[in-house]
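The values are calculated or read from the model by the stated rules, or taken from the named source; none is laboratory data. Small disclaimer: the values here were computed from a predicted structure and weren't measured. Here the Cβ is made from the backbone with ideal geometry for all residues, glycine too, and neighbour counts use every protein chain on show. Heavy atoms of the whole protein, side chains included, go into the accessibility calculation; ligands, DNA and RNA do not. Shrake-Rupley method; radii C 1.70, N 1.55, O 1.52, S 1.80 Å.
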Amino acid sequence: MSDINRIIERAAQEIRPGNVVNLGIGLPTQVVHYLPENLEVLIHSENGVLGVAGQPSVDVIDPFLIDSAGNYISTRPGGSYFDSAVSFAMIRRGKLDLTMIGAFEVDQAGNLANWKIPGKFSPGIGGAMELAQKTPRIIVLTTHCDKKGNSKILRQCRLPLTAKHCVSRIITEKAVMDVTEHGLVLREKAADISIEELISITEAELIIPDEVGVL
Amino acid sequence: MNKQQTIEQAIAQIPAGAVVMVGGFGCPGTPFCLINELLRQGQRNLTLIKNDANESGIGISKLIENGQVDKLITTHLGLNKPVIEMMNDGRLEVQFHPQGILAEKIRTAGAGTFGFLSDIGIDSEIIQPEQIMEWQGQRYVVEMAQKAEFALIHAAQADSYGNLVYQGSAMNFSPLMAMAADNVIVETSCFGTPGSIHPSRVHTPSIFVNAVVVLPQLSNEYGVLDHHVRY
């Protein structure tokens, strides 16, 4: 299984029956393809859709129905469409249970940076600040290291923050980690990496409990 | 009460230097035909307000790449390379807002009020110190209403009075912008007489709309983009 698929498949297990979930641009939007068909959830897309389901067959795609990443979608029974003010009222009012979001950097205190790399890449904020600040549970989906091999899981974010102390859990292809009041706790690790190796590729200080699950 | 206009008439009202809201989130809701007419007429020094810059070579990206836009008020540029380059080169001024804050600024203007208080981004670099106010021991961000002289809107259906219906995720910013601009120009390919839309189905009531342009049909620009299809 590719690293990306491993992250997405693991992330899909986080979604519980009855959840209202926003899936951010990038890895998270792909989680919708890994959900069991009979799982009763409402996927929220901030461009104004509740009840997102996967793309229909190619010949019946509705070009006026996309998710926030531009993917063509369908809606499950009980879905709804609404304008952008209503969509973000849902977010700011705390009506979502869970947001899965990508990251440039995330740190052991749960700080998130995912909107600006000064001088290099600043595509904009989109819905990230409101989602990060107002959803009760934020799970970051990211590769463990960037393309140059540097850890994306840091002691302290260096890029401009999207929101402070907002992240609950981090899922990478190497590990599942929780942000706690004591620090960043390792919950699961991939079978093909030792704890020593994991510590060596992670800039953040990892707390290793007695029991660590298998990712 | 009949607000039907030709596309040439409707767009010719927009002067150089105008502030123009444009509906749409990605393709759905983007009024491609009105934008193409603005490209053809060539008004310059525009300020555009739109959720995103569309993708390179389509929608408002054409206006920006053609040098007709001085300033873009937006939330996200996606992966639109030419527009990101123009921003980085200083050829385009870009003002970013959190998406729901931009929506609410527009909604507020459309409701005839002047601003609201929020806490979004309060500790981030996007908030200027002068935007912070304290009230009864709490810190808030003051966000002012965002209006415009014109709005360009795509509707799935319209009647001659200007009642509008949107389709799917094409609603997004359109009903908010239709309330917040002084002069609202709508395009639709499904046009009817008053009564053709049941009152309970109207998303934007007619009195917010100034001009309705009837499109003979929707061009390929409104169709499925192959690079977004998952095979």
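Kindly provide log₁₀ I(q)/I(0) values, in the same order as q = 0.05, 0.13 Å⁻¹, from the Debye equation applied to equal alpha-carbon scatterers of the protein assembly as shown. After summing over all Cα pairs, the log10 values are -0.18, -1.17. Considering all C-alpha pairs of region A:3-214, those separated by over 27 Å amount to 31%. Report the antiparallel proportion of the DSSP beta bridges in chain B as a percent, rounded to a multiple of 5. DSSP beta bridges in chain B are roughly 30 percent antiparallel. Given R₀ = 22 Å, FRET efficiency for B:Gln4-B:Gln41 by Cβ-Cβ distance, to 0.05? Once the sixth-power term is evaluated, E becomes 0.70. Across peptide B:208-215, the average count of Cβ atoms from other chains found within 10 Å of a residue's Cβ is 0. Other protein chain C-beta atoms within 10 Å of residue C-beta, averaged over B:117-130: 4. Take each residue of peptide B:33-42, count the partner chain Cβ atoms within 10 Å of its Cβ, and average: the result is 0. Return, ordered by residue number, the residues of region A:143-157 whose backbone nitrogen is under 11 Å from a label point located 7 Å along Cα→Cβ of A:Asp3. Under cut-off, by backbone N: A:143-152.
Computed over chain B, the per-residue total of -39500 (n - 2.57) for DSSP H runs of n ≥ 4 gives a 222 nm mean residue ellipticity of -6000 deg cm²/dmol, rounded to 500. Hey, with R₀ at 35 Å, roughly what FRET efficiency would A:Lys95 and A:Asp210 work out to, going by the Cβ-Cβ distance, to 0.05? So the FRET efficiency works out to roughly 0.40. Per-residue extension of 0.36 nm, minus the Cα-Cα distance of A:Glu203 and A:Arg76, leaves a gain of 41.6 nm for this segment.
Expressed as a whole percent, the accessible surface of region A:3-214 that belongs to carbon and sulfur atoms is 49, based on a 1.4 Å probe. The contact between chain B and chain A removes approximately 3500 Å² from the accessible area (both sides summed; 1.4 Å probe; ligands, DNA and RNA excluded).
Note on chain B: Cα-only Rg and Dmax are 18.0, 58 Å. So how tilted is helix B:32-41 from the main axis of chain B? Cα-based, degrees 0 to 90, rounded to 10. With both axes taken from Cα atoms, the answer is about 90 degrees.
Counting only protein heavy atoms and using a 1.4 Å probe, the accessible area of A:Ser57 comes to about 70 Å².
Using 1/(1 + (r/R0)^6) with R0 = 60 angstrom and r between the beta carbons of B:Asp70 and A:Arg16, what's the FRET efficiency to the nearest 0.05?
Rounded to the nearest 0.05, the efficiency is 0.80.
Projected label points at A:Ile195 and B:Glu149, each 7 Å from Cα along the beta carbon direction, are separated by 6.8 nanometres.
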